[in-house]
């Protein structure tokens with residue numbers, strides 16, 4: 001039973017690491033969306049200036 005417990009522990013650890021990797025990747029992919037939403041919430045002028053600066057660089 002002890003070997004089985006070790007294998008189950010390793011499998012669960014790998015699953016948790018994979019889920020954390022998925023969360024990191026999805027967070028990075030959604031970062032631009034969150035920045036745009038924050039800019040729009042701050043006001044239309046701020047969003048327009050931010051978009052102009054992004055296009056200028």
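Test residue 28 against the stated conditions and say whether it is modelled with pLDDT of 70 or more and touching a helix residue (DSSP H, G or I) at 6+ places or on another chain (Cβ under 9 Å).
no
Could you pull out the residue among 23, 47, 38, 42 that is at pLDDT 90 or above and surrounded by 10 or more Cβ atoms within 10 Å (Cβ to Cβ)?
Being at pLDDT 90 or above and surrounded by 10 or more Cβ atoms within 10 Å (Cβ to Cβ) holds for just one of 23, 47, 38, 42, which is 23.
The values are calculated or read from the model by the stated rules, or taken from the named source; none is laboratory data. Model, not experiment: these values are computed from the prediction. Cβ: placed from backbone, ideal geometry, glycine included. Neighbour counts: every protein chain shown.
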